[in-house]
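Written below as structure tokens is the structure these notes are about.
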Amino acid sequence: MMDIRNIYCVGRNYRLHAAELGNEVPSSPMLFTKPTHAACAMDGGLLTLSGSQGALHYEAELVVAVGRPYEKGIRCDELFSRFTVGLDLTLRDVQDRLKAKGHPWLAAKGFRNSAPLGHWMEFPGLQALANHDFAMQINGKEVQRGNIKDMVFDLQQLADFAGSNYGLSAGDLLFTGTPAGVGSLHDGDELDLSWNEQSVGRSTVKLQD
């Protein structure tokens, strides 16, 4: 797996997903981070996760990797070098408790193995990226399908917002948000992430106390 510096994630970037969780769509990108230890490869092996903290939800997302330092005016086709499909895993019950108290989301979003990633592909350019869907299957059944054309904030807006406010450089990742269809994972679930109808990452869920 590539050397990772920072992991930025975008919340509520698909309107139907925000609606299914009863959340308002933000007026500007809503970013949070995950530790680098959250990243792991979906290489056909076990995906070991906590099974003792309530509902564990999957959120399939298109993920882009930064290939050079951000500077004002840079375009996505210059900034991003690779892409894949990944999962922003969420301990939903934990997140709901944290949100109710106004506390940070780290415990719900940043736990180990909470950012599984498919294999990396060369960034094809923004227009080419919008020509195909990403999707997720669980036990052979499709549960999510998305396209960056449906994002509230497009890739250029996300790059400019993250780059100008926090900085972006080679090795940084950007999870771009999840479409509707999120739900719970269970022990033994077979996960398959795809891009343009081709599998890019597979794992079997292993829940432990």
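The values are calculated or read from the model by the stated rules, or taken from the named source; none is laboratory data. Predicted model, so just to flag it, every value in this text is computed and none were measured. Cβ sites come from the backbone with ideal geometry, for glycine too, and all protein chains shown count toward neighbours. Quick note on the areas: whole protein, heavy atoms, side chains included, nothing else; ligands and nucleic acids left out. Shrake-Rupley method; radii C 1.70, N 1.55, O 1.52, S 1.80 Å.
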Consider Gly167 carefully, then state whether it is touching a Phe, Trp or Tyr at 6+ places or on another chain (Cβ under 8 Å) and at pLDDT 95 or above. yes
Going through (1) among the β-branched types (Val, Ile, Thr); (2) open to solvent by 60 Å² or more (accessible area, probe 1.4 Å); (3) within 17 Å of Ile138 (Cβ to Cβ) one by one, Thr90 fails only at (2)
Scan of region 93-113 for residues that are small (Gly, Ala, Ser), surrounded by fewer than 17 Cβ atoms within 10 Å (Cβ to Cβ) and closer than 21 Å to Ile4 by Cβ, ordered by number: Ala107
Surrounded by 14 or more Cβ atoms within 10 Å (Cβ to Cβ), at pLDDT below 95 and in a helix (DSSP H, G or I): does that describe His17? yes
Go through region 175-209 residue by residue and tally those that are open to solvent by 30 Å² or more (accessible area, probe 1.4 Å) and modelled with pLDDT under 95. 3
Residue by residue through region 181-209, note down the ones that are farther than 19 Å from Lys109 by Cβ and in a loop (DSSP other than H, G, I, E, B). His186, Asp187, Gly188, Asp189, Asn196, Glu197, Asp209
Only one of Tyr58, Tyr70 is hydroxyl-bearing (Ser, Thr, Tyr), open to solvent by 10 Å² or more (accessible area, probe 1.4 Å) and touching a strand residue (DSSP E or B) at 6+ places or on another chain (Cβ under 6 Å); which? Tyr58
Go through region 55-111 and tell me which helices (runs of 4 or more DSSP H), entirely inside it, have 3 or more residues that are farther than 14 Å from Gly11 by Cα. 76-79, 92-101
Taking region 120-174 and the residues there that are outside any loop (DSSP other than H, G, I, E, B) and acidic (Asp, Glu), the one that is least open to solvent (accessible area, probe 1.4 Å) would be Asp160
Examine region 41-52 for a residue that is at pLDDT below 95, open to solvent by 10 Å² or more (accessible area, probe 1.4 Å) and of a type outside the set (Ser, Thr, Tyr), and state whether such a residue exists. yes
